[in-house]
Structure formats: C-alpha cells, structure tokens
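A.B. asks: Here it is, the structure in full.
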Amino acid sequence: MEIPSKYDPKLVEDKWNQHWLENRLFHSVPDERESYSVVIPPPNVTGVLHMGHMLNNTIQDVCVRRARMLGKNACWVPGTDHASIATEAKVVQLLRKQGIRKSDLSREAFLEHAFEWKEKYGGIILDQLKKLGASVDWDRTSFTMDPGYYKAVTRVFVDLYNKGYIYRGLRMINWDCEAQTALSNEEVLYNEDGDKSLLYHVRYAIKDSNDSLVIATQRPETIMGDTAIAVNPTDERFLHLIGKMAIVPMIGREIPIIADEYVEKDFGTGCLKVTPAHDPNDYELGQRHNLPVIDTINLDGTLNASCEIPEFVGKERFEVRQLVIDRLKASGELVKEEEFMTRIGRSERTNTVVEPKLSLQWFIRMKDISKQALDAVENDEITLHPAKFKNTYRHWMENVRDWCISRQLWWGHRIPAFYYGEGENDFVVAETREEAEQIVKQRLGENTTAELRQDDDVLDTWASSWLWPIAVFDGFNDNCFDKTTGKINKKANKELDYYYPTQVLVTAPEILFFWVARMIIAGYEYLDEKPFSDVYLHGIVRDKQGRKMSKSLGNSPDPLDLMATYGADGTRVGMLLSSPAGNDLLFDEGLCEQGRNFSNKIWNAFRLVNGWESADIPQPESARFAIEWFESKFSETIGLLNQSYDKFRISEALMTTYKLVWDDFCAWYLEMVKPAYQQPIDSITLTKTKQIFENILKVLHPFMPFITEEIWHYLGHRETAQQSCCLAEWPKTGAVNSEVLAVFNETADIIIGVRTIRLQNNIPNKEQVELKIKDSGKFAANTSTLIKMCGVSNLETITEKAENSFTFISNQNEFFVPFGENVDVEAELKKLEDELVYTKGFLDIVLKKLNNEKFVAGAPAAVIDNERKKQADAEGKIRMLEEKISALIS
RNA sequence: GGGGGAUUAGCUCAGUUGGUUCAGAGCACCUGCCUUACAAGCAGGGGGUCAUAGGUUCGAGCCCUAUAUCCCCCACCA
C-alpha cells in the first residue's frame, strides 16, 4: 500500500476523535489511582472558539494527556459559563433584530428566549474544542446555570449572608437613562482620544460675607444637588473659608465649605462643588464628611422636584444644563467657560451619556474572607507560574475591596433576597421562596399577609464561577454541605473527595483577581483547602504587530481555519512554540506552518521505517552503536522533559521534544541505521527502531495527539479498539551512559568536519573520500559510523602529518582528507591563518587572567585549573596550526 | 496617580546559588544541494559592547545605584 509523502490531517483527525469519544477514553471515575483533575476555564456559553481558547485549551490538554500517560486518573472537566452580561447583551441584540424589545417582555418571557437561544447556539464552542483534540471528559460537561449549580450559588449567597459577609449598601452605578438600566463598567465606552468639553466657572457667594469663591464644573445641571464645596486643606488661597457656608446659586441653599486632600489645587479653580448623588468621587467625599445626598435626576434623565426649581422639573438633563447656563450668565455668576479634554462615558448599547446613579447593591465583605487565600499563595501552597504574579496577587489581596455582586440583569442567578415591606431591612434571605415565607412568618407572626417580592437583580457572573472547582463535583449538595457550619464535608462526597483539590488551573493573568483569587477564597471558606496546586498563567494572543486580536481589527485568524490548513497538531504546535508562561504570544501563522512541517517530518520518518524489509543478516556495528547511543540520549532527554513539565515550562518541553525528534532521531539515528538503497535491514535493528519510534510517539503525543495516534496504530496496535496512544505509558527515565554520549559527540563532530570539507570544496557526496587520523591518543569515535556517514572509502590511522590534505581538528586529534583534483590551496591557507589569529587572541585573554595575581589568589582551584587547561589546549592548537601552514606553503 | 514587570542575535525568547564551551535556542537570513523518507526537505554558515552610566568583586548577562525606553494591572481630576 502506497502511503502519501505528505501527511494529510483531514484523513486522520475526525477518525480518531470519533474513536476516542466512542470508547470514552477520557471518561474518569474515582478509583485507586492518583487523581489528576483539571477544570476548564468555562468559556462563555455564547462563545465561539478564538485564538485565546486555542492557546488555553492546548496547554491544558498537553498537561492532562501527559498526566494520563503517567498513569494518573486524569479528569478534565469541560463546561460553559452563563456569562450574564455578555449573554444577555447578545440575546437583547438578537431580539431587537426580530423587532422585540426587552422592555416589552416580562422577565419570564425574556428568560425563555434566552434559554432557547442557549440551547440552540450555546455549546458550539464545546464542539469546536473537540476539533483541537481536547481530551476532556464529555460526560462531565457543566454549565454555571445547571439546576445543581444554580442551587449551589444560591446556597452560598445565603450562607455568606448568614455569616455576615454579605450586606446591602449604596453604590454609584452607571445608569443608562435611555435603556433605563444599570451598566457594568465593561459596557461603558470611552472615546479613545478623550472628549472636548467645557468647564464652567461658577461663582458661589459666602454667607455673611462679601467674599465669594469660584468652582469649576462640567455639569452645571447638578448644581442644585450640591451639598458642599471642597478645597484642599493645604491651599492657602482658601484656608480662611474652610468651615464657612457657601450659597448655592439659583436656589440659595447654604452648604459647608470643607477641606479634603482629594481636591487638586491645580485643577480648575481649586474649588470643587460636591454633588454626592451624581458623581462617584463626590459620593465618597460625602461619605467622609457626612454630607446629605440630594438626588435631583430621575431614572429617565429628567430633573425631579428635589432640584427646587419648578421650571426645570421634568426637563431632560442636557436641556437643563443650557437653562442653568443661561440663568447664571444673566445673573453674572458664570465667570468663565473654558475648553478642556475629558473622558465622557457612553452606553455601549444606546450611546447615551452614562449617568452615575446611587443605588442599593449587594456586597461581599472581602477583608476577612480573603486572608487565607492571600497566605496560601504567599507561602507557596499554591504556586503561580510564572512566579512574578505573586507580587501582583499580594498587592491586590492586601488592598482588596468589597465586591459588588449584584447586577441589574435578568440572565443569571437571581438574588435570593425576598422583600416583604418597603423598609430598608424588610427582607429575608433564603434559598427558596418557601423558606423565606417561613422566616417572614417567624418574624411577623403566623398570620402575616405580607406578599414576598424577590430581588430583581442577578449575581455577577464571577459570583457563580468562583465555585467552579467545587460545584462541578457537586460539592454543595445536601449530603456534604452542612448549613449550620457553612462548611463542606468532603468525605461525604466521593467525587469531591477524590478530585478536589484539582491540580493545575490554566488561565490568563487578566482574570487573576476576578476569578482565580476568588476561587481560592471560596476553596478555603468552604473546604479549608486550596482549589488547585498550580496556576499556569499564559499571555494574551496578539498579532505580529503586538495588537490584541479583535473582531473590529479583523486581525484574528479563525482557529478552525488554521486547523483546516495546518492540521490540529500543527496548529497546536504553532501555538505553543513561542509561548512561555506569562508572556503574550505574538501569533504568526508561520509558526503553525512550522508545526505542520513537523507533522510531515514525523510522517516521513514513519514512511521510511515502515518501508523497511527485514532480513536475517548480521547487525552492522554502526546500527548497534546507533541504538546504544539513542537509548542513552532518549533517557537523558526524558529527564530534561520531565523537569520542564514539572516546572510548567511547556514551550521548553516542546522545543526539547522537537529537537529530540527532528535532530537526534531523524537527522542522526535514522541516517545511522538506514540500510543502503533497496537493501534489507537486519531484524534486530528494525525491531529496536520500531520500539524507539513508539517511544518517540509517546513523548510527542501530548502535543500532537492525532498524528501520533495514527502512526501508533500503524506500528502494530491496530488489533484492539481500546488500544490508544492516549493510554500508552509515559517512558521511564533509564540509565544514561555518558561515555556512549561522548563517543557519539566526537563521532558527530568528525562527521560534520568531513561534511564541511566536502561542502567548502565542492566534493560531491557521491564521491568517496579517504580519511586519515593522526591520533593524539584520545581518539574514541565510532569508526564504522564514520565510514557510513561520511562516504569514506578508506579510514587510516597515521602517525605523521599527511600532506596535500584538507585538515581539521576534533578533540585534539587531527584529521586529513587528501586533496582530490581541483583544490584551492590559497583558500585553505587563508582559513588556517584566520584560525591562528583567533586562537592567539584567545590565548592572550587566558594568559592575562592567569597572570593576574588577584585572580590566582582569589578564584577557586577548579576555575584556575580550567583556565590552565584552556591555555594548554590553545597552545597545542597554535602549534598544530603553524605546522599545517608551513606544510602547505612548502 | 498607585503597584508590578521588562530591556540579551533581524524576530520571539532561554540563561536556575556571580566562576567548567556562558554569550545560547527556534525562526528568519546567506551558501551549496531536486542525495532513492521528507524541497513542508538535506548539508554547511554568518550574526549580539547582554538598554545606558557608575559601583561591588580576583571575576558581572546575573548583585547594587541612577538614567532612558517599553509593557501590564488598579484607580482615574471636578
């Protein structure tokens, strides 16, 4: 059967994917083996595979596949995140296209649409993961709004509330007056270059004084909500005014003049009007100074009665701005209009200017609950890779701020708070409405007729995904979660007991705090145990110019296209080739090409070996040596590989594998054992070579699962369907015979010497050459390998220098290749002279060191010995070169 | 503004406690080869004052101090 000379992934990948799935090779159940569990960072349920996923999942797959081969019970849990904001935005958009507005729908109707949409399009990304060969346990696919998961999230909310970690508080949120909804920070867009705006300087009178001061504002329409004027306490211009009362223009309200560090002396006029209801900073100022909050703007952006000016009530905020300006101009209180650059936030959805708005939100108190999570990373119970993120992590955790977990959306986990009255504390928190009713009855009496309203808001997505490593193993179920202590009893949950903590979490540093830190917090809060031992943080995939890949730039290749062009294996290798942990990856399609070429190289090595016919003939010495050498080389490399893997240096492991396969195995080993054209190979060498090839496939497998599986089956594992390279045993480190390695190195060095002479002197490979060796007593190369690899017709040991020859030195032995016809003596001479000059210079440097008394006195003996050895070698080399030159000249 | 990180070959990066080939790898580049596994290949080769300036040391890519440039995260000036 003819095997094509080019590897065709299309003929291979689907076949093996199907094989793996049908045989459920990646399914894991607890058993007596050591577990190796990994939870996937759940992609958005609405997501489609992009380059970031490609990188992220390839790294995980490499770790998981290797662990499986190491004999561990590998369990990689897949799933998706409901991603409340992102998904809700998409659903809203979709509905809008169908002419349906969210505001016209009931919550229930909207959620019905959302779930419908999720069923239809959600999980596309999971299918795409199959394409890249992700060896996840598909039977365990989870979703952050699965019923069980939903229950876990609710349960945790109630628990944290009961423990006193959750509270309600006022907070500025971004309000979209048109859509009448709150916006997350991510949904607020800013003009990149800033916005040109006007700063209005307005004069405020001082009570009981002829004095006045001038503030600067870009929002004159909020003047009626002012409750203070603030100046910097060190600003001498205003020291005398601190503590006095200023008069708000137009309405005459008296407000205090306060001092606060926050005020910049150099900006505007140095006086700041404080409007706690309509500016986040002013709100904080107000908190610090106990200022009243006067909210003058309605949800739809019109002014309300609190503004005290009837003419303004019901009018839109920007219309009012102009009216205010007109009034102030007329009264002479507007001193100046000044252009300046600022940044104005606009709603991503409606493009209206975002209105900061105070509202009651839910928070988690972070300080105490995050203590253990800080320590765990600090004392390396959890290791971050690369370690530099430890600093970042510490800084954030030490300055952790309370976490606002409520979102004004419908798609998500609805906050389990039930209100029975209008009072601030007229609510209860409970897992279900029934439980809530019970509590209310206890509180208000059995006969209460209070109607319960559940909070309309849902939880921040991260307030569900922070439970991921616990919840995917059903860690909050009734059996193991103890409501009274608020702890999980691991022993009562076989799965959790076996798989938790997981091994490695692979993700991007961008979400180190949003997600990773919070998972750690949850782990310690509920299990008193870390959720994972190692965190591998990979960079962002960027284009060649270093720009983030984005839809709008159109600079992101589609991973599916790449896999179609270069094969999944080639693309995986391409992704990992230049991606050390923590560094951004400047993606270059050329890397995938390199990956594809590598596939092809492996494929052709297989074709070569596969085509060999064995015969009952003696094993050549060169083949015997090749096997002996390669086995040592392989053992040595396995050691290096294991080290790289253990340190999570995945790209280093890949490069080591790449060189082992391409250089050591293909370029050297196969050439060394290869029989002459159309000659058979001895059976010992063939058998050994196939064994070696199998080992090669094993170390390649984590990176290139498809091609290795394909060849694996060709090499004699076709018979049983269960057999798979996926389940092969990772090679053990064996003995490394350093003597053999040294012999090989010397042999290879001589071969390269002869090749160089051939190339530089245009001696065709077909033409046999003689090789003479002047042995310094150290010659130890494998001669039969030399003869085979160099095209040597005659190998001879001599005692005197050979004349009329090209020469080179290797390991203090001198080698001579006698001139054939057409020899360029001049060129040869020049080469020798150049080398002489260089070596003399080198000797000078060494001597300088050795003549330095301080060096000889201060450096350890080993270092000095080495320098003396260098000196001796150099002196010897100079003698040889000089002799050679004189021989050529004569 | 606060914090963190980086600067080594044309590009992307290694370089472990300062001292054995430590100045490296891959790609790119140059030269020669369609040699019967592979031109998606083979063989060989060139290339760096380790950002700059000082300092510590017998010895610095590595340690210290400044300077310059770049990147990331958080908070963002009314």
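Conditions (1) more than 23 Å from the chain's Cα centre (by Cα); (2) among the aliphatic types (A, V, I, L, M); (3) open to solvent by less than 30 Å² (accessible area, probe 1.4 Å), marked per residue:
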site	(1), (2), (3)
A:PHE110	yes, no, yes
A:PHE115	yes, no, no
A:LYS130	no, no, no
A:GLY133	no, no, yes
A:GLY148	yes, no, no
A:VAL158	yes, yes, yes
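A.B. asks: Let me ask another. Scan region A:523-530 and give yes if some residue there is outside any helix (DSSP H, G or I), open to solvent by 10 Å² or more (accessible area, probe 1.4 Å) and either among the basic types (Lys, Arg) or within 13 Å of RNA strand B (Cβ to nearest atom) (or both), otherwise no.
C.D. replies: yes
A.B. asks: Also, I was wondering about something else. With respect to the numbered conditions (1) in a strand (DSSP E or B); (2) of a type in the set (Phe, Trp, Tyr); (3) open to solvent by 10 Å² or more (accessible area, probe 1.4 Å), which one is the sole condition not fulfilled by A:TYR498?
C.D. replies: Failed condition: (1).
A.B. asks: Restricting attention to region A:92-109, does a residue exist that is in a helix (DSSP H, G or I), touching a helix residue (DSSP H, G or I) at 6+ places or on another chain (Cβ under 8 Å) and closer than 23 Å to A:ALA471 by Cα?
C.D. replies: No: region A:92-109 contains no residue that is in a helix (DSSP H, G or I), touching a helix residue (DSSP H, G or I) at 6+ places or on another chain (Cβ under 8 Å) and closer than 23 Å to A:ALA471 by Cα.
A.B. asks: Let me ask something else. Just need a number here: residues in region A:343-358 that are away from RNA strand B (no atom under 14 Å from the Cβ), out of contact with any helix residue (DSSP H, G or I) (no Cβ under 6 Å at 6 or more places or on another chain) and modelled with pLDDT under 85.
C.D. replies: Within region A:343-358, residues that are away from RNA strand B (no atom under 14 Å from the Cβ), out of contact with any helix residue (DSSP H, G or I) (no Cβ under 6 Å at 6 or more places or on another chain) and modelled with pLDDT under 85 number 4.
A.B. asks: May I pose another question? Looking at region A:606-621, which of the residues that are open to solvent by 10 Å² or more (accessible area, probe 1.4 Å) and within 15 Å of RNA strand B (Cβ to nearest atom) is nearest to A:TRP668 (Cα to Cα)?
C.D. replies: Let us first name the residues in region A:606-621 that are open to solvent by 10 Å² or more (accessible area, probe 1.4 Å), namely A:607-608, A:610-621.
Checking the rest, the ones that are also within 15 Å of RNA strand B (Cβ to nearest atom) come to A:607-608, A:610-613.
On the way: A:ARG607: 16, A:LEU608: 14, A:ASN610: 18, A:GLY611: 18, A:TRP612: 17, A:GLU613: 20 Å.
Checking each candidate, the answer is A:LEU608.
A.B. asks: Follow-up. Considering A:GLU671, A:GLU652, which residue is in contact with a Ser or Thr (Cβ under 8 Å, 6 or more places away or on another chain), within 9 Å of RNA strand B (Cβ to nearest atom) and assigned to a helix (DSSP H, G or I)? Please lay out each step first, then the result.
C.D. replies: Numbers: A:GLU671 fails: in contact with a Ser or Thr (Cβ under 8 Å, 6 or more places away or on another chain).
The match here is A:GLU652.
A.B. asks: In region A:780-794, how many are out of contact with any Asp or Glu (no Cβ under 7 Å at 6 or more places or on another chain) and open to solvent by 50 Å² or more (accessible area, probe 1.4 Å)?
C.D. replies: Qualifying residue count, region A:780-794: 3.
A.B. asks: While we're looking at this one, here's another question. Just checking, which of A:ASP295, A:ASP300 is more than 16 Å from RNA strand B (Cβ to nearest atom), closer than 21 Å to A:LEU183 by Cβ, assigned to a loop (DSSP other than H, G, I, E, B) and out of contact with any strand residue (DSSP E or B) (no Cβ under 7 Å at 6 or more places or on another chain)? First the steps, then the outcome.
C.D. replies: Numbers: A:ASP295 fails: out of contact with any strand residue (DSSP E or B) (no Cβ under 7 Å at 6 or more places or on another chain).
Result of the check over A:ASP295, A:ASP300: A:ASP300.
A.B. asks: A further question on this structure: Which one is nearest to A:PRO280 (Cα to Cα), of the residues in region A:244-268 that are out of contact with any helix residue (DSSP H, G or I) (no Cβ under 8 Å at 6 or more places or on another chain) and within 13 Å of RNA strand B (Cβ to nearest atom)?
C.D. replies: So the residue we want is A:VAL263.
A.B. asks: Looking at (1) more than 16 Å from A:VAL353 (Cα to Cα); (2) more than 16 Å from RNA strand B (Cβ to nearest atom), which one does A:PRO276 not meet, given that it meets all the others?
C.D. replies: (2)
A.B. asks: Give all pairs with beta carbons closer than 7 Å in which a residue from region A:584-603 that is basic (Lys, Arg) meets a residue that is more than 7 Å from RNA strand B (Cβ to nearest atom); count only pairs at least 6 apart in sequence or on separate chains.
C.D. replies: From region A:584-603, the pairs are A:ARG596/A:TYR566; A:ARG596/A:GLY567; A:ARG596/A:GLY570.
A.B. asks: Quick test for you: out of A:LYS659, A:LYS698, pick the one residue that is basic (Lys, Arg), within 11 Å of RNA strand B (Cβ to nearest atom), within 36 Å of the chain's Cα centre (by Cα) and in a helix (DSSP H, G or I).
C.D. replies: Working: A:LYS698 fails: within 11 Å of RNA strand B (Cβ to nearest atom).
Exactly one residue qualifies, and that residue is A:LYS659.
A.B. asks: Please return the ranges of strands (runs of 3 or more DSSP E) entirely within region A:329-434 where 3 or more residues are of a type in the set (A, V, I, L, M, F, W, C). Steps first, answer last, please.
C.D. replies: On the way: elements: A:334-342, A:345-347, A:355-364, A:383-385, A:417-419, A:427-429.
Passing ranges, in order: A:334-342, A:355-364, A:427-429.
A.B. asks: Ok, one more. Which residue out of A:THR747, A:THR685, A:THR689, A:THR756 is within 9 Å of RNA strand B (Cβ to nearest atom), over 33 Å from the mean Cα position of the chain (by Cα) and either free of Cβ contacts under 8 Å to residues at least 24 places away in the same chain or open to solvent by less than 70 Å² (accessible area, probe 1.4 Å) (or both)?
C.D. replies: Values: A:THR747 fails: within 9 Å of RNA strand B (Cβ to nearest atom); A:THR685 fails: within 9 Å of RNA strand B (Cβ to nearest atom); A:THR689 fails: within 9 Å of RNA strand B (Cβ to nearest atom).
On inspection, the qualifying residue turns out to be A:THR756.
A.B. asks: Of all residues in region A:843-890, count the ones that are surrounded by 11 or more Cβ atoms within 10 Å (Cβ to Cβ), within 15 Å of RNA strand B (Cβ to nearest atom) and either farther than 30 Å from A:ILE773 by Cα or at pLDDT below 70 (or both).
C.D. replies: 11
A.B. asks: Let me ask something else. Determine the pairs where a residue that is open to solvent by 10 Å² or more (accessible area, probe 1.4 Å), located within region A:504-517, has a partner that is among the hydrophobic types (A, V, I, L, M, F, W, C) with Cβ atoms under 7 Å apart, the partner being 6 or more residues away or on another chain.
C.D. replies: A:ALA508/A:LEU537; A:ALA508/A:ILE540; A:PRO509/A:PHE389; A:PRO509/A:LEU537; A:PHE513/A:TRP396; A:PHE514/A:TRP462
A.B. asks: How many of the residues in region A:364-422 are among the basic types (Lys, Arg) and closer than 25 Å to A:GLY164 by Cβ?
C.D. replies: Quick first cut of region A:364-422, residues among the basic types (Lys, Arg) only: A:365, A:367, A:371, A:388, A:390, A:394, A:401, A:407, A:414.
Right, trim to closer than 25 Å to A:GLY164 by Cβ and you get A:365, A:367, A:371, A:401, A:407, A:414.
So the count comes out to 6.
A.B. asks: Mind checking whether some residue in region A:312-329 is of a type outside the set (D, E, K, R), touching a residue at least 12 places away in the same chain (Cβ under 8 Å), open to solvent by 10 Å² or more (accessible area, probe 1.4 Å) and within 16 Å of RNA strand B (Cβ to nearest atom)? Lay out the reasoning, then the answer.
C.D. replies: Residues of region A:312-329 of a type outside the set (D, E, K, R): A:312-314, A:318, A:320, A:322-325, A:328.
Going one step further and asking which of them are touching a residue at least 12 places away in the same chain (Cβ under 8 Å), we end up with A:312, A:314, A:318, A:320, A:323-325, A:328.
From what's left, open to solvent by 10 Å² or more (accessible area, probe 1.4 Å): A:314, A:318, A:323.
With the extra rule that they be within 16 Å of RNA strand B (Cβ to nearest atom), the set shrinks to A:318.
There is at least one residue in region A:312-329 that is of a type outside the set (D, E, K, R), touching a residue at least 12 places away in the same chain (Cβ under 8 Å), open to solvent by 10 Å² or more (accessible area, probe 1.4 Å) and within 16 Å of RNA strand B (Cβ to nearest atom).
A.B. asks: Given the criterion at pLDDT 95 or above, open to solvent by less than 10 Å² (accessible area, probe 1.4 Å) and touching a helix residue (DSSP H, G or I) at 6+ places or on another chain (Cβ under 8 Å), identify the matching residue among A:GLY567, A:GLY539. Spell out the reasoning first.
C.D. replies: Numbers: A:GLY539 fails: at pLDDT 95 or above.
After applying the criteria, what remains is A:GLY567.
The values are calculated or read from the model by the stated rules, or taken from the named source; none is laboratory data. Remember, it's a predicted structure, so these values are computed and weren't measured experimentally. With ideal geometry, Cβ positions are generated from the backbone for all residues, glycine too; neighbour counts draw on all protein chains shown. All accessible areas refer to the heavy atoms of the entire protein, side chains included, with ligands and DNA or RNA removed. Shrake-Rupley method; radii C 1.70, N 1.55, O 1.52, S 1.80 Å.
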